[in-house]
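Colleague: Take this structure, written in structure tokens, and hold onto it; I'll ask about it next.
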Amino acid sequence: MTYEIMTPAEAKALGGLTLAFFGDSVYEVLVREQIVKCGTMPVDKLHKKAVEKVNAGFQSFAYDVICDELSEEETEIFKRGRNATGNNVPRSSNPKDYRRATGIEALFGYLYLTGQNERMRQLFEMIYTSERT
């Protein structure tokens, strides 16, 4: 299965929440790919490892890890996702973390849709290998 790469203008025409909707799945696939590379383990353990990295708190932390490395365009996309309205924050989440997580998801959606896979993986590697203190 192949997909057509969008131009930056086409991807930017999508709303911040639309980019985040798609980027959520892209980010989760990247996390799951890394976990599976660690070897076989029970499914419940796989799920717990994924949840450690795919949640609003960790994704908010992820922004702190990569923020100084983002280009102006990437920062703009992050902010579009973070500042998007119409997204209800779950009670279990801190509103600041949830909005920043939405920004990270929008960024990953944008990078994937525009075919910037090398850059997406570079940022993801920085996030995934960082230690949360």
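The values are calculated or read from the model by the stated rules, or taken from the named source; none is laboratory data. Fair warning: this is a prediction, and the values are worked out from it, not measured in the lab. Because the Cβ atoms are built from the backbone with ideal geometry, glycine has one as well, and the counts that use them run over all protein chains shown.
Colleague: Does residue 107 count as touching a residue at least 60 places away in the same chain (Cβ under 8 Å), closer than 20 Å to residue 131 by Cβ and buried (at least 19 other Cβ atoms within 10 Å of the Cβ)?
Modeller: Spelling it out, it is not the case that residue 107 is touching a residue at least 60 places away in the same chain (Cβ under 8 Å), closer than 20 Å to residue 131 by Cβ and buried (at least 19 other Cβ atoms within 10 Å of the Cβ).
Colleague: Right, something else. Do you know which residues across segment 102-133 are in a helix (DSSP H, G or I), among the β-branched types (Val, Ile, Thr) and more than 14 Å from the chain's Cα centre (by Cα)?
Modeller: 129
Colleague: Could I ask something else about it? Pull up segment 79-98, narrow it to residues that are in a helix (DSSP H, G or I) and within 10 Å of residue 20 (Cβ to Cβ), then point me to the one that is farthest from the chain's Cα centre (by Cα).
Modeller: Step by step, filter segment 79-98, then rank; the result is 80.
Colleague: Something else about it: Do you know which of the residues in segment 25-48 that are modelled with pLDDT under 95 and crowded, with 17+ Cβ neighbours inside 10 Å is nearest to residue 97 (Cα to Cα)?
Modeller: 31
Colleague: How many residues are β-branched (Val, Ile, Thr), assigned to a loop (DSSP other than H, G, I, E, B) and under 19 Å from residue 77 (Cβ atoms) if we restrict to segment 1-39?
Modeller: The total comes to 2.
Colleague: Tally up the residues in segment 57-79 that are among the β-branched types (Val, Ile, Thr) and closer than 19 Å to residue 14 by Cβ, please.
Modeller: Count: 2.
Colleague: Kindly check whether there is at least one residue in segment 89-96 that is hydrophobic (A, V, I, L, M, F, W, C) and surrounded by 13 or more Cβ atoms within 10 Å (Cβ to Cβ).
Modeller: Within segment 89-96, one or more residues are hydrophobic (A, V, I, L, M, F, W, C) and surrounded by 13 or more Cβ atoms within 10 Å (Cβ to Cβ).
Colleague: A further question follows. Considering only segment 55-77, I want to know if a residue exists there that is surrounded by fewer than 14 Cβ atoms within 10 Å (Cβ to Cβ), of a type outside the set (S, T, N, Q) and in a loop (DSSP other than H, G, I, E, B).
Modeller: The answer is no; no qualifying residue exists.
Colleague: Restricting to segment 11-55, name every residue that is free of Cβ contacts under 8 Å to residues at least 40 places away in the same chain and under 18 Å from residue 117 (Cα atoms).
Modeller: 25, 28, 29, 32, 33
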